[in-house]
Amino acid sequence: MAGDYELELGALAREAWGRVSGNKALVWKAMLFYFAVVFLLSIVFGLLEGAPPDPQTVQPPSAMQQIGNVVITLVMLPMAAGLCFFGTAIALGHKPVPKSLFSWYDNTLKLVLTYLLMSVLVFVGFLLLVLPGIYLLVSYQLAMPLAVDKKLGPWQALEASRKVIGHNWFKVLGFDIGAIVVTTVSTVLLGIPFIWTVPALLIAYGILYRTLAGIESDTLQRTLASG
């Protein structure tokens with residue numbers, strides 16, 4: 001939080017791209033775990049919902065849809081934190097275990113509270129002439145993994161993320177814009193570049209986390225040893 005780190009986006013991008021080779025299949029295996037869980041949960045709640053609503057009629061979300069959204073969020077938040085640690089482990093030269101994405105459910109309550117508090121604050125920020133919302137959206141993007149990795153409470157994690165990123169806020173914003181551009185271009189090109197860009201983006205985020213926060217040894221070991 002004292003800002004004792006160097007963040008150079010060009011070097012970060014080159015390192016991330018260099019680490020794609022040899023790790024592409026590993027990243028995609030982890031991503032398939034993530035997407036498979038989302039897909040299966042969506043199927044389950046779709047079956048519970050019954051017949052789809054008339055697409056010509058605008059209707060509010062049903063109770064089952066709302067329950068499904070809550071359950072999916074609860075299930076996916078720990079896996080999302082696991083993806084960050086997965087990318088960070090690769091950024092440190094390790095070969096993480098894809099099943100480690102399922103190793104963070106003991107932090108579910110903390111992650112949910114952090115997510116809710118962050119969502120409220122960002123929403124209020126956007127109500128206040130948009131710019132505060134953009135500031136907080138960029139500033140809080142490390143809060144979820146920090147809450148788990150550094151064993152912080154929700155507010156502590158948000159503040160730690162804001163202070164760490166605050167030293168190079170515009171560079172982190174540039175990182176985010178770059179990720180959006182890469183994703184958009186990959187989509188326009190029929191999704192084919194995602195074969196390479198998805199691993200590159202995950203590893204790039206891992207490098208960002210490694211550079212700004214560093215990963216605790218027990219978190220790293222959990223990412224490498226889960227099976």
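The values are calculated or read from the model by the stated rules, or taken from the named source; none is laboratory data. All figures in this text were calculated on a predicted structure; none of them were measured in a lab. So basically every Cβ, Gly included, is an ideal-geometry build from the backbone, and we count neighbours across all protein chains shown. To get the accessible areas, we keep the full protein, side chains included, count just its heavy atoms, and leave off ligands, DNA and RNA. Shrake-Rupley method; radii C 1.70, N 1.55, O 1.52, S 1.80 Å.
Can you name every residue in region 44-77 that is at pLDDT 80 or above and open to solvent by 80 Å² or more (accessible area, probe 1.4 Å)?
LEU47, LEU48, GLN66, ILE67, ASN69, VAL70
Looking only at residues in region 173-213 that are within 17 Å of the chain's Cα centre (by Cα), open to solvent by less than 20 Å² (accessible area, probe 1.4 Å) and among the small types (Gly, Ala, Ser), which one is nearest to LYS24 (Cα to Cα)?
ALA200
Return the residues of region 155-168 that are touching a residue at least 24 places away in the same chain (Cβ under 8 Å), over 15 Å from ALA81 (Cβ atoms) and part of a helix (DSSP H, G or I); say none if nothing qualifies.
Selection gives TRP155, ARG162, LYS163, VAL164, ILE165, GLY166.
Would you please list the contacts, defined by Cβ atoms under 7 Å and residues six or more apart or on different chains, that run from a residue in region 94-112 that is over 19 Å from GLY206 (Cα atoms) to a residue that is modelled with pLDDT under 95?
THR108/LEU74; VAL112/LEU74
Consider ALA91 carefully, then state whether it is out of contact with any strand residue (DSSP E or B) (no Cβ under 7 Å at 6 or more places or on another chain), at pLDDT 90 or above and not basic (Lys, Arg).
Yes: the conditions hold for ALA91.
If the requirement is being touching a residue at least 40 places away in the same chain (Cβ under 8 Å) and more than 15 Å from GLY82 (Cα to Cα), which of these qualifies: VAL138, VAL172?
The match here is VAL172.
Could you identify the single residue in LEU152, LEU137, LEU83, LEU129 that is assigned to a loop (DSSP other than H, G, I, E, B), out of contact with any strand residue (DSSP E or B) (no Cβ under 9 Å at 6 or more places or on another chain) and surrounded by 13 or more Cβ atoms within 10 Å (Cβ to Cβ)?
LEU152
Yes or no, residue by residue, for (1) polar (S, T, N, Q); (2) in a helix (DSSP H, G or I); (3) farther than 21 Å from LEU92 by Cβ:
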position	(1), (2), (3)
VAL148	no, yes, no
PHE175	no, yes, no
VAL181	no, yes, yes
GLY191	no, no, yes
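Of all the residues that make up region 71-82, how many are over 17 Å from LYS151 (Cα atoms) and touching a helix residue (DSSP H, G or I) at 6+ places or on another chain (Cβ under 7 Å)?
So the count comes out to 5.
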